[in-house]
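Engineer: Can you read through this structure? Questions will come right after.
The values are calculated or read from the model by the stated rules, or taken from the named source; none is laboratory data. As the structure is a prediction and not an experimental result, all values here were calculated from the model. Methodologically, a virtual Cβ is constructed for each residue, glycine included, from the backbone with ideal geometry; neighbour enumeration extends over all protein chains shown. Surface areas here come from the heavy atoms of the whole protein model, side chains and all, with no ligands, DNA or RNA. Shrake-Rupley method; radii C 1.70, N 1.55, O 1.52, S 1.80 Å.
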Amino acid sequence: MSRFFGNFVYSLLIAALVTLLLADSSFSRKTNPPEPTVGLVLSGGGAKGFAHIGVLRVLEEVDMPIDYITGTSMGSVVGGLYAIGYDSEELTDIALRTNWSRLFADEISRRNLPLESKMWDGQFAATLPIDEEGVRLPTGMLEGHKVTILLSRLSWHVHRIEDFTEFPIPFAAIATDIETGEAVVLNSGYLPEAMRASIAIPSVFRPIWIDGKYLVDGGLVRNLPVQDVKELGADYTIGINVSTDLQTTDRLRDLVSILNQTITIGMLGNIREQEQLADKVLQPDLGEHSIQDFGSVERIIEVGETAAREYYDELKAVADSLNNLRGTRPDRPGIEGLDAIVIDEIRVVGLEQISEERVLRGLKLSTGVELCPEDIEEGIERLYGTPFFERITYRITHEEDKNLLTLSVTEAHHDEFNFGVSYDSYRRASIRFNVAFRNLMAESSSAHLTMQLGEEISFDGRYFNYPQFGDLETRFGAQTRLNYTRYFTDIFIDGSRDSNVSTDAFFGEVMLGPLFSNLALVSAGFRTEYFYQTSAIGEYDFPEGWSLYFSIFGDIWLDSFNRKHFPQVGQSLEYRSDFSLPRIANTLAFSHHELNWQGYYQLADRWTIGHRLRAGHSFGEDLPLHRQLRVEQYPDAPGFRLHELPGRSLITGQGLLRVEPWDNRFLTARLGLTNSFETFTDIAEGQPLFVGWAIEAGFRSMVGPAKIALAGSRENPVLFQVKIGFDL
């Protein structure tokens with residue numbers, strides 16, 4: 001009874017307040033017709049911002065009218081989407097359907113990487129930009145490409161609207177000018193860009209340029225933008241504050257917690273000032289959740305709803321009073337149906353070095369046909385998968401009776417320094433450095449200089465380009481390569497390691513061939529190699545000294561893996577034949593042929609089966625030792641040691657079953673058959689295939705994939721094998 005009486009009195013007070021506002025002449029001039037208006041203010045808070053959705057659910061239940069919305073950071077995302085017509089249930093569905101860890105990983109689908117880029121995929125633990133001043137740290141760990149694409153898709157139906165006050169609910173996002181430290185109110189332009197700027201957490205997301213300002217997360221200066229919703233025209237304001245509270249000393253145990261506390265202290269004063277401007281502030285109790293807790297979306301939404309329900313009667317009384325004064329109940333806007341649209345023209349803006357023709361060719365979109373968001377996103381992913389663009393956004397507008405698709409691109413002007421480490425049970429630790437150059441001497445070309453230090457040392461230079469031959473539409477790939485590698489080859493006699501031979505090899509090669517999409521390359525080329533062999537351990541009999549040979553080769557390469565490490569689906573096939581013949585002035589005559597084929601097939605969401613097959617044969621007495629066919633490192637042949645089975649012919653095959661019980665954690669069982677022969681006819685004559693097995697645990701680490709395996713075979717009953725980092 002007392003609660004009812006309190007709510008009744010509160011409603012009378014609200015009614016009296018609104019009556020006084022109506023009597024004020026400045027208020028009458030500000031609103032037409034002179035009705036009391038409500039502003040909703042949503043704070044930033046990272047993953048905790050999903051609590052806003054739970055509060056919105058309750059505000060809808062009580063019929064709270066919402067006339068204006070302002071938001072900062074995650075509050076700008078939830079608020080912006082609500083302003084253009086999404087209701088709380090639709091926002092809940094989006095929040096639960098989205099894989100936030102993959103979204104913020106910013107990974108490009110591997111199928112959209114150019115084939116030459118797949119050589120380097122998964123090879124490095126860190127990438128740093130290089131500009132005129134040298135190697136530097138990036139402006140943020142993530143570009144936010146996938147976030148922008150998601151926001152562009154969700155706001156598809158309002159791309160044409162530049163004035164955010166023309167949305168179903170007028171809206172403004174808050175960002176920070178990182179140069180001046182001032183708040184920037186984004187109430188016009190392109191909505192996905194505004195929301196992306198507002199969530200640009202410094203050091204996490206790279207700042208973006210809008211109207212000549214370099215913008216980052218608005219939470220730095222105004223995490224609860226109450227004053228801004230008042231300036232839009234709101235009379236009664238409701239703030240939802242999901243900001244992080246200050247932590248007690250017992251929880252300040254590491255660098256990250258101290259850094260977060262420092263940022264929170266800087267934000268707290270402004271938050272308190274803004275709270276004083278609001279008529280009502282709700283603060284859900286999210287103490288157990290952090291700004292990175294994107295794995296608890298459903299629970300965070302529930303916390304927001306629970307917090308709002310504690311004030312249900314009060315909110316209901318306010319809503320009823322306002323609606324009675326306005327004479328209407330709120331009519332929630334909905335999403336206009338727009339699944340596909342006919343694009344009449346495609347424009348590209350922001351190009352400097354790359355031609356529009358090449359961009360459109362990579363985009364692979366036709367005009368005059370219906371396109372849905374997924375079609376456009378697929379094309380943009382293909383472009384973004386190349387190393388030539390730092391940023392790509394799209395927008396659909398209507399101009400002169402035409403539907404116009406405009407791509408805004410920012411070319412990547414800097415080159416890259418890449419760094420990776422590796423450890424395995426056989427070759428021990430290795431470190432790899434790589435410098436990648438873009439548009440070197442030709443448009444859309446790439447050059448890579450790589451140095452590897454460890455037991456095996458190598459220096460490698462590659463230059464890849466897309467030559468055009470007349471009017472042919474076929475896309476060709478051309479590569480020039482120079483390489484030095486020091487190989488160490490173990491020699492096994494009767495199952496025991498007897499000797500080790502060192503080879504210093506220098507080679508250069510050129511190749512050319514047609515590319516088929518981003519999946520396959522068929523090429524032919526010429527190679528010359530100069531090498532020196534010497535024994536490092538033991539007394540194995542081999543021709544010591546310098547040798548030179550020339551060869552021609554043919555190569556087939558197909559790669560459709562969905563990811564480099566622990567793939568779920570896709571095929572990888574590499575076949576190469578080298579011919580070193582006396583007729584081209586060779587000192588060595590031989591041929592070498594090798595096939596590597598892997599396939600993976602997804603049985604269920606977390607279950608994958610796969611196969612690996614490696615087979616090869618070589619002819620000629622002059623075959624260099626380092627070109628002979630031998631078992632490579634695990635998992636090439638489970639149950640066998642590196643180089644243990646040499647021969648002119650080699651076959652190793654295996655089947656595997658993999659499960660991912662937790663995200664990025666893998667368990668794999670392998671069963672394989674392996675042996676080497678003088679010729680493949682030895683199999684028909686009864687020479688056996690050896691059985692090997694392995695049980696492997698793997699995960700994705702900071703330095704790359706990690707695998708720990710227990711393996712065995714009749715020849716090696718138990719082998720413990722470890723591999724961390726890039727593939728050698």
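Engineer: Under 8 Å between Cβ atoms, at least 6 apart or on separate chains: pull out the pairs that start in the stretch 158-174 with a residue that is in contact (Cβ under 8 Å) with a residue 24 or more places away in the chain and farther than 15 Å from Gly85 by Cα and end on any residue that is open to solvent by 10 Å² or more (accessible area, probe 1.4 Å) and small (Gly, Ala, Ser).
Structural biologist: Going by the 8 Å Cβ cut-off, the qualifying pairs are Glu162/Ser188; Glu162/Gly189; Asp163/Ser188; Ile174/Ala183.
Engineer: Any chance you could count how many residues in the stretch 62-90 are open to solvent by 10 Å² or more (accessible area, probe 1.4 Å), out of contact with any helix residue (DSSP H, G or I) (no Cβ under 7 Å at 6 or more places or on another chain) and assigned to a helix (DSSP H, G or I)?
Structural biologist: Counting residues in the stretch 62-90 that are open to solvent by 10 Å² or more (accessible area, probe 1.4 Å), out of contact with any helix residue (DSSP H, G or I) (no Cβ under 7 Å at 6 or more places or on another chain) and assigned to a helix (DSSP H, G or I) gives 2.
Engineer: Which residues, taken from the stretch 545-584, are open to solvent by 50 Å² or more (accessible area, probe 1.4 Å), touching a residue at least 24 places away in the same chain (Cβ under 8 Å) and among the charged types (D, E, K, R)?
Structural biologist: The one that is open to solvent by 50 Å² or more (accessible area, probe 1.4 Å), touching a residue at least 24 places away in the same chain (Cβ under 8 Å) and among the charged types (D, E, K, R): Lys564.
Engineer: Here's something else I'd like to know. Just to verify a result, which residue in the stretch 211-227, among those that are open to solvent by 30 Å² or more (accessible area, probe 1.4 Å) and outside any loop (DSSP other than H, G, I, E, B), is modelled with the lowest pLDDT?
Structural biologist: The extreme case among them is Leu220.
Yes/no per residue for (1) assigned to a helix (DSSP H, G or I); (2) of a type in the set (Gly, Ala, Ser):
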position: Gly295; (1), (2): yes, yes
position: Ile301; (1), (2): yes, no
position: Thr306; (1), (2): yes, no
position: Ser321; (1), (2): yes, yes
position: Pro333; (1), (2): no, no
position: Arg347; (1), (2): no, no
position: Leu351; (1), (2): no, no
position: Arg358; (1), (2): yes, no
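Engineer: Taking the stretch 650-671, which residues are open to solvent by less than 40 Å² (accessible area, probe 1.4 Å) and among the basic types (Lys, Arg)?
Structural biologist: Arg658, Arg670
Engineer: Restrict the check to the stretch 472-481 and report whether at least one residue is hydroxyl-bearing (Ser, Thr, Tyr), within 20 Å of Ala125 (Cα to Cα), at pLDDT below 90 and open to solvent by 50 Å² or more (accessible area, probe 1.4 Å).
Structural biologist: As a first pass, look at the stretch 472-481 and keep what is hydroxyl-bearing (Ser, Thr, Tyr): 474, 480.
Subset that is within 20 Å of Ala125 (Cα to Cα): none.
Among the residues of the stretch 472-481, not one is hydroxyl-bearing (Ser, Thr, Tyr), within 20 Å of Ala125 (Cα to Cα), at pLDDT below 90 and open to solvent by 50 Å² or more (accessible area, probe 1.4 Å), which makes the answer no.
Engineer: Kindly indicate which of Ser444, Ser430 is at positive phi and either open to solvent by less than 30 Å² (accessible area, probe 1.4 Å) or outside any loop (DSSP other than H, G, I, E, B) (or both).
Structural biologist: After applying the criteria, what remains is Ser444.
Engineer: Of all residues in the stretch 392-427, which are acidic (Asp, Glu) and not in a loop (DSSP other than H, G, I, E, B)?
Structural biologist: Glu399, Glu411, Asp415, Glu416, Asp424, listed by residue number.
Engineer: How many residues are charged (D, E, K, R) and outside any loop (DSSP other than H, G, I, E, B) if we restrict to the stretch 91-140?
Structural biologist: 8
Engineer: When the residues of the stretch 92-131 are filtered to those that are under 20 Å from Ile380 (Cα atoms), open to solvent by 50 Å² or more (accessible area, probe 1.4 Å) and of a type in the set (D, E, K, R), which remaining residue is modelled with the highest pLDDT?
Structural biologist: If we take residues in the stretch 92-131 being under 20 Å from Ile380 (Cα atoms), open to solvent by 50 Å² or more (accessible area, probe 1.4 Å) and of a type in the set (D, E, K, R), then Arg111 is modelled with the highest pLDDT.
Engineer: Then there's this: Take the stretch 390-407 and flag every residue that is surrounded by fewer than 16 Cβ atoms within 10 Å (Cβ to Cβ) and touching a residue at least 60 places away in the same chain (Cβ under 8 Å).
Structural biologist: Matches in the stretch 390-407: Thr397, His398.
Engineer: A follow-up question, please. Could you check Asp605 against (1) surrounded by fewer than 17 Cβ atoms within 10 Å (Cβ to Cβ); (2) more than 38 Å from the chain's Cα centre (by Cα) and say which number it fails?
Structural biologist: (2)
Engineer: Is there any pair with a first residue in the stretch 272-294 that is small (Gly, Ala, Ser) and a second that is surrounded by 14 or more Cβ atoms within 10 Å (Cβ to Cβ) and not in a helix (DSSP H, G or I) whose Cβ atoms are under 8 Å apart and which are 6 or more apart or on different chains, and what are they?
Structural biologist: Ala278/Val41; Ala278/Leu224; Ala278/Thr237; Ala278/Ile238; Ala278/Gly239; Ser290/Thr244
Engineer: Here is a further query. Scan Asp211, Asp235 and give me the residue that is among the acidic types (Asp, Glu) and at positive phi. Quick ask: steps written out before the conclusion?
Structural biologist: Numbers: Asp235 fails: at positive phi.
Only one candidate passes the filter, namely Asp211.
Engineer: Starting from residues that are surrounded by 24 or more Cβ atoms within 10 Å (Cβ to Cβ) and not aliphatic (A, V, I, L, M), keep the ones in the stretch 228-240 and report whichever is farthest from Ile291 (Cα to Cα).
Structural biologist: Asp228
Engineer: Which is over 32 Å from the mean Cα position of the chain (by Cα), of a type outside the set (Val, Ile, Thr) and open to solvent by less than 20 Å² (accessible area, probe 1.4 Å), of Gly610, Gly639? Even if it seems obvious, please write down each step before you answer.
Structural biologist: On the way: Gly610 fails: over 32 Å from the mean Cα position of the chain (by Cα).
So the residue among Gly610, Gly639 that is over 32 Å from the mean Cα position of the chain (by Cα), of a type outside the set (Val, Ile, Thr) and open to solvent by less than 20 Å² (accessible area, probe 1.4 Å) is Gly639.
Okay, residues lined up against (1) farther than 28 Å from Ile341 by Cα; (2) crowded, with 23+ Cβ neighbours inside 10 Å:
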| residue | (1), (2) |
| --- | --- |
| His157 | no, no |
| Asp163 | no, no |
| Ile178 | yes, no |
| Ala183 | yes, no |
| Gly189 | no, no |
| Ser198 | yes, yes |
| Arg206 | yes, no |
| Trp209 | yes, no |
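Engineer: Run Trp546 past the list (1) at pLDDT below 90; (2) farther than 17 Å from Pro624 by Cα and report the number of the one that doesn't hold.
Structural biologist: (2)
Engineer: Closer than 30 Å to Thr92 by Cα, open to solvent by less than 70 Å² (accessible area, probe 1.4 Å) and without any contact (Cβ under 8 Å) to a residue 24 or more places away in the chain: is that true of Gly334 in this structure?
Structural biologist: Against the criterion (closer than 30 Å to Thr92 by Cα, open to solvent by less than 70 Å² (accessible area, probe 1.4 Å) and without any contact (Cβ under 8 Å) to a residue 24 or more places away in the chain), Gly334 does not qualify.
Engineer: Just to be sure, is Ala172 at pLDDT 90 or above, open to solvent by less than 10 Å² (accessible area, probe 1.4 Å) and either assigned to a helix (DSSP H, G or I) or hydroxyl-bearing (Ser, Thr, Tyr) (or both)? Outline the logic, then answer.
Structural biologist: Working: at pLDDT 90 or above: yes; open to solvent by less than 10 Å² (accessible area, probe 1.4 Å): yes; either assigned to a helix (DSSP H, G or I) or hydroxyl-bearing (Ser, Thr, Tyr) (or both): no.
So Ala172 fails the test.
Engineer: Would you check if Thr674 is hydroxyl-bearing (Ser, Thr, Tyr), open to solvent by less than 60 Å² (accessible area, probe 1.4 Å) and either more than 28 Å from Ser580 (Cβ to Cβ) or in contact with a Lys or Arg (Cβ under 7 Å, 6 or more places away or on another chain) (or both)?
Structural biologist: In short, no.
Engineer: Given the criteria surrounded by fewer than 17 Cβ atoms within 10 Å (Cβ to Cβ), over 18 Å from Leu404 (Cβ atoms) and either among the β-branched types (Val, Ile, Thr) or under 25 Å from the mean Cα position of the chain (by Cα) (or both), does Arg382 qualify?
Structural biologist: Here the answer is no, as Arg382 does not meet what is asked.
Engineer: Among the residues of the stretch 339-378, which ones are in contact with a helix residue (DSSP H, G or I) (Cβ under 6 Å, 6 or more places away or on another chain) and either under 23 Å from Ala442 (Cα atoms) or open to solvent by 70 Å² or more (accessible area, probe 1.4 Å) (or both)? Reasoning before the result, please.
Structural biologist: Here is the first cut: in the stretch 339-378, the residues in contact with a helix residue (DSSP H, G or I) (Cβ under 6 Å, 6 or more places away or on another chain) are 348, 362-365, 373, 377.
Those that are in contact with a helix residue (DSSP H, G or I) (Cβ under 6 Å, 6 or more places away or on another chain) and either under 23 Å from Ala442 (Cα atoms) or open to solvent by 70 Å² or more (accessible area, probe 1.4 Å) (or both): Val348, Gly362, Leu363, Lys364.
Engineer: So, of the residues in the stretch 228-268 that are farther than 23 Å from Val58 by Cα, at pLDDT below 90 and in a loop (DSSP other than H, G, I, E, B), which turns out to be farthest from the chain's Cα centre (by Cα)?
Structural biologist: Only one residue fits best here, namely Thr248.
Engineer: While we're on this one: Among (1) more than 25 Å from the chain's Cα centre (by Cα); (2) surrounded by 15 or more Cβ atoms within 10 Å (Cβ to Cβ); (3) of a type in the set (S, T, N, Q); (4) at pLDDT below 85, where does Ser502 come up short?
Structural biologist: (4)
Engineer: Within the stretch 718-728, can you find the residues that are touching a Gly at 6+ places or on another chain (Cβ under 9 Å) and either open to solvent by 40 Å² or more (accessible area, probe 1.4 Å) or aromatic (Phe, Trp, Tyr) (or both)?
Structural biologist: Answer for the stretch 718-728, where residues must be touching a Gly at 6+ places or on another chain (Cβ under 9 Å) and either open to solvent by 40 Å² or more (accessible area, probe 1.4 Å) or aromatic (Phe, Trp, Tyr) (or both): Val718, Ile724, Phe726, Asp727, Leu728.
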